[in-house]
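Accompanying notes for the structure given below.
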Amino acid sequence: MPASGGHASSELVLVGANHRSSSGAVRDLICTEGTEVPGVLARLRAAGLTEMLWLSTCDRVEVLAASCDPAAAAAAAASALAERAGMTAEALAPELYTLTGGDAVRHLFAVACSLDSQVVGEPHVLGQVKAAHRASVAAHATGPELEAVLQAAYAAAKRVRTETAIAERPVSIAAAAVQTARDIHGDLDRSAALLIGLGDMGELMVDALREAGLPRLTVAARVDRRAEAAARRLGCHHVPIDDLDTALVSADIVVTAAGLGRYILSADRMEAVLKKRRRRPVFVIDTAIPGDVDPAVGGLEGVFVYDLADLERVALEGRATREAAAAAAWAIVDQAVAAFARGRAERAAVPAVAALRGHFEAVRSRLLAEHAGADPAEATRLLVNRLLHDPSQVLRAMAASHDMEQVEAERLLRRLFRLDGAENAAAGAGFSTAGPVPGPSEGEVR
């Protein structure tokens with residue numbers, strides 16, 4: 001969405017890796033905890049960016065920037081992500097996507113509206129965008145372009161959540177998980193849960209379970225520092241992934257959210273766990289896409305496996321309702337993107353309009369000073385002639401030199417001043433506006 005006017009203008013650029021473009025292992029490498037964000041923003045500033053945001057969740061790591069050199073900004077963002085991953089830019093490139101202009105705006109709006117999540121409508125991501133925004137503000141890494149697009153994204157998200165039913169879906173899924181847990185274990189105040197992996201939906205599930213009275217929670221993740229950070233955030237314990245079997249024995253509820261593309265819980269592993277638990281039942285919630293749990297686990301006596309689709313069937317009347325809500329939400333996003341583009345274009349035109357108005361006012365002031373006391377008819381005739389002097393001269397020069405832009409200039413002139421309508425009105429009044437635009441009268445110069 002470049003601005004008009006011939007001056008260098010900022011372009012929005014977004015570079016990132018999400019659950020569709022990259023593997024969970026790669027996202028683990030580039031995932032950034034809150035305390036690390038100032039450092040990566042400083043790295044981007046050193047690379048020449050002045051307006052940027054670093055968004056890091058379990059589903060995505062993205063860099064949003066506003067820059068007069070989009071190609072350089074995209075390269076700097078990709079380099080920073082590669083450095084974070086400990087990979088070369090060439091090795092990481094297949095895992096990344098790069099969006100500019102309107103495409104970047106639409107993607108940001110979709111993320112803020114929870115339309116680009118693994119589970120459409122989950123509520124956490126908007127808060128994560130706002131947290132990333134606050135981090136950029138604290139690091140003095142924002143500016144007018146970034147602020148404008150983020151505020152527009154928040155407004156779109158508010159509309160989606162108030163005008164559609166999409167915001168209810170993740171809450172309903174979490175409520176279904178809580179109800180199913182109660183059906184299996186009764187009151188949750190004597191139960192313990194284990195969260196494996198740190199996907200957004202996994203955290204949503206354990207948050208709902210904790211609110212429902214679950215007293216004990218343990219976190220296990222492939223990267224210890226992420227497990228420690230999640231444990232601090234959730235107010236619970238964490239264990240190394242190597243101690244997973246021991247943690248499973250103590251867990252009445254297991255929530256998986258790793259999404260590694262391979263099974264974490266196999267039938268053999270869970271059979272061994274059940275023996276040590278003396279066949280006490282286990283409720284397993286598989287929130288990962290692709291799943292973390294071998295389907296054979298569901299055939300074991302004492303294990304109740306539910307994935308997100310199962311929970312949807314418990315909680316929702318049907319997928320058609322959610323799809324209809326998502327379609328309505330996408331319509332709101334597209335409206336918001338169009339409105340943002342229109343507003344940005346209008347703002348870009350303001351300097352030219354202001355310059356034109358200032359020029360007209362200067363001409364009027366000089367003419368009044370030169371022709372003080374002239375009657376209104378004469379004064380307005382002189383003003384019109386003087387204002388038309390430069391445009392008339394330029395159009396004549398273009399015609400004389402057979403400038404190919406002459407036709408376009410005349411078309412723009414007619415559009416700007418609505419001359420076609422003026423000709424019709426003049427013809428109806430007995431006047432003719434045919435022929436070239438008149439120049440100044442004899443002796444009338446600027």
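The values are calculated or read from the model by the stated rules, or taken from the named source; none is laboratory data. This structure is a prediction, so every number in the text was calculated from the model and none was measured. When we count neighbours, we look across all protein chains shown, and the Cβ atoms used for this are built from the backbone with ideal geometry, even at glycine. Surface accessibility is based on the protein's heavy atoms, side chains included, excluding ligands, DNA and RNA. Shrake-Rupley method; radii C 1.70, N 1.55, O 1.52, S 1.80 Å.
Between Glu36 and Glu370, the C-beta separation translates, for a Förster distance of 45 Å, into a calculated FRET efficiency of about 0.10. The modelled label-to-label distance between Ala338 and Tyr97, using points 7 Å beyond Cα along the C-beta direction, is 2.2 nm. Applying 1/(1 + (r/R0)^6) with R0 = 35 Å to the Cβ-Cβ distance of Leu416 and Arg159 gives a FRET efficiency near 0.55. Karplus-based coupling profile of the range 34-49, in residue order and whole Hz: x, 5, 8, 4, x, x, 6, 5, 5, 4, 5, 5, 5, 7, x, 7, with θ = phi - 60° in 6.51 cos²θ - 1.76 cosθ + 1.60 and x standing for Gly or Pro. Packing-based ranking of 375-383, 291-299 yields 291-299, 375-383, ordered from highest to lowest mean Cβ neighbour count within 10 Å. Compute the signed sum of charges (Lys and Arg +1, Asp and Glu -1) over the other residues within less than 13 Å, Cβ to Cβ, of Thr32. For residues surrounding Thr32, the net value is +1.
The mean of 1/r over all pairs of different alpha-carbon atoms in the range 196-243, once inverted, gives a Kirkwood hydrodynamic radius of 10.7 Å. P(r) tail, the range 109-160: Cα-Cα pairs separated by more than 12 Å, 63% of all pairs.
Normalised per residue, the accessible area of the chain is 49 Å², obtained with a 1.4 Å probe and no contribution from ligands, DNA or RNA.
Once both labels are positioned 7 Å from their Cα atoms along Cα-to-Cβ, the gap between Val223 and Val394 label points is 5.5 nm. Only Lys, Arg, Asp and Glu carry charge here, each on its Cβ (+1 for the first two, -1 for the last two); on that basis the chain has a dipole of about 660 debye about its Cα centre. Name the aspartates and glutamates eligible as straight-distance cross-link partners of Lys130: C-alpha to C-alpha under 14 Å, and not fewer than 8 places from it in the same chain. Those aspartates and glutamates meeting the cut-off are Glu62, Glu147.
Other residues whose C-beta falls under 15 angstrom from the C-beta of Arg278 contribute a net charge of +2, scoring Lys and Arg +1 and Asp and Glu -1. Charge tally around Arg347: other residues with Cβ under 15 Å, Lys/Arg +1 each, Asp/Glu -1 each, net -2. With the convex hull drawn over the C-alpha atoms of the range 1-112, the volume per residue is 96 Å³. Beyond 18 Å, how much of the Cα-Cα pair distribution for the range 308-418 remains, as a whole percent? Above the 18 Å cut-off, the range 308-418 has 74 percent of its Cα pairs.
Simple rule: put +1 on each Lys or Arg Cβ and -1 on each Asp or Glu Cβ in the chain, find the dipole, and look at Ala374, Gln128, Ser22; the Cα lying farthest toward the positive end is Gln128.
Taking the range 50-79 and a reference point 7 angstrom along Cα→Cβ of Gln151, the backbone N atoms nearer than 18 Å belong to 51-53, 66. Most simply put, the chain has about 45% antiparallel DSSP beta bridges, counting only bridges with both residues inside it. Think of the chain as having a plus end and a minus end, set by charges on the Cβ of Lys, Arg, Asp and Glu; of Leu204, Trp54, Leu108, Leu204 sits farthest toward the positive end of this dipole. Rounded to 0.05, the FRET efficiency of the Ala138 and Glu378 pair, given R0 = 56 Å and the Cβ-Cβ distance, is 0.35.
For the range 229-286, list log₁₀ I(q)/I(0) at each q in 0.13, 0.16, 0.18 Å⁻¹, using the Debye formula over Cα point scatterers of equal strength and ignoring solvent, two decimals each. Debye curve over Cα of the range 229-286, log10 I(q)/I(0) at q = 0.13, 0.16, 0.18 Å⁻¹: -0.36, -0.55, -0.70. Inverting the pair-averaged 1/r between distinct Cα atoms of the range 48-133 gives 13.7 Å as its Kirkwood hydrodynamic radius. Taking amide hydrogens as placed 1.01 Å from N in the peptide plane, the amide H of Val303 sits under 5 Å from those of Val282, each at least 5 positions away in sequence or on another chain.
Our summary gives the chain a relative contact order of 13 percent, counting only alpha carbon pairs under 8 angstrom and 6 or more residues apart.
Our summary of shape: the Cα atoms of the chain have principal axis extents of 109, 48, 39 Å, ordered from largest down, in whole angstrom. Whole-percent P(r), the range 95-215, all Cα pairs, 5 Å bins from 0: 2, 10, 16, 18, 16, 13, 10, 7, 4, 2, 0.
Once the Cα-Cα distance is subtracted from the 0.36 nm per residue extended length, the Ser9 to Leu356 segment shows a gain of 122.9 nm. Structural descriptor for the range 77-226: relative contact order 18 percent, calculated from alpha carbon pairs under 8 angstrom and at least 6 residues apart.
For the peptides 195-203, 364-372, the ranking by mean Cβ contacts within 10 Å, running from highest to lowest, is 195-203, 364-372. Suppose we look only past 22 Å in the calculated P(r) of the range 240-395. What percent of the Cα-Cα pairs does that tail hold? For the range 240-395, the share of Cα pairs beyond 22 Å comes to 68 percent. Residue by residue, the range 101-109 carries 3J(HN,Hα) couplings of x, x, 5, 5, 4, 4, 5, 4, 4 Hz when phi is fed to the Karplus relation 6.51 cos²θ - 1.76 cosθ + 1.60 (θ = phi - 60°); x denotes Gly or Pro.
Taking trypsin sites (Lys or Arg not before Pro) across the range 216-300, the ones in a DSSP loop with at most 12 further Cβ atoms lying within 10 angstrom of their Cβ are Arg262, Arg278, Arg279. Here the accessible area of the chain is 56 percent carbon and sulfur, with a 1.4 angstrom probe and all protein chains present. Taking amide hydrogens as placed 1.01 Å from N in the peptide plane, the amide H of Cys58 sits under 5 Å from those of Asp200, each at least 5 positions away in sequence or on another chain.
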